[in-house]
Every structure is written in structure tokens, then in C-alpha cells.
Amino acid sequence: MHRVGTAESVVQNLLIARSSESAQLEIGEEVIDESLTHIGRIVDIFGPVSRPYVAITPHSDLPLGRYLGAKLYAR
């Protein structure tokens, strides 16, 4: 398990997170929160190379707004 980053916004049913500087990210990785709740999968990585943004598609009809500010992880 490794850190993805912090959730910052919800856009068109995608959760957008700002990655941490040392994040090793791959499209298709499963994303979870601190309580190991499965949130979704990484579908896009974009922005500056040093700290890119990550677009996460939810697995179900989760209320994505409740994850704003949450630390997210991948496994």
C-alpha cells in the first residue's frame, strides 16, 4: 500500500486528488482511504510531473464529497 495523495475536488463524478511528491502512480490502481474502504480506480494522471493530479472513478454511488480533504492510498 502506498500514498496517492489528498482528495481536492469532485468533477463530473470523478474524485480529483493532488499527489504527494513521492507517489508512485499507475492508471488502473485500486484506491482506498485510511479505513481501507475501497473508493475506486485511478483513470488518469495529469498536470505537473513533480506533483500531478489523479482522477479517480468511484466504484459505486459513493458520496464523493465526503472524501474531500481525505488522504488516499493505492494497493
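The numbers here are math on the coordinates, done by the rules we state, and not lab data. Since the structure is predicted, the reported quantities are computational estimates derived from the model, not experimental observations. Here the Cβ is made from the backbone with ideal geometry for all residues, glycine too, and neighbour counts use every protein chain on show.
Things to note:
- The set of residues in segment 22-75 that are among the aromatic types (Phe, Trp, Tyr) and either in contact (Cβ under 8 Å) with a residue 24 or more places away in the chain or closer than 11 Å to Ala7 by Cα (or both) comprises Tyr53, Tyr67, Tyr73.
- Test: residue in segment 5-13 that is over 9 Å from the mean Cα position of the chain (by Cα) and within 19 Å of Arg75 (Cβ to Cβ): no
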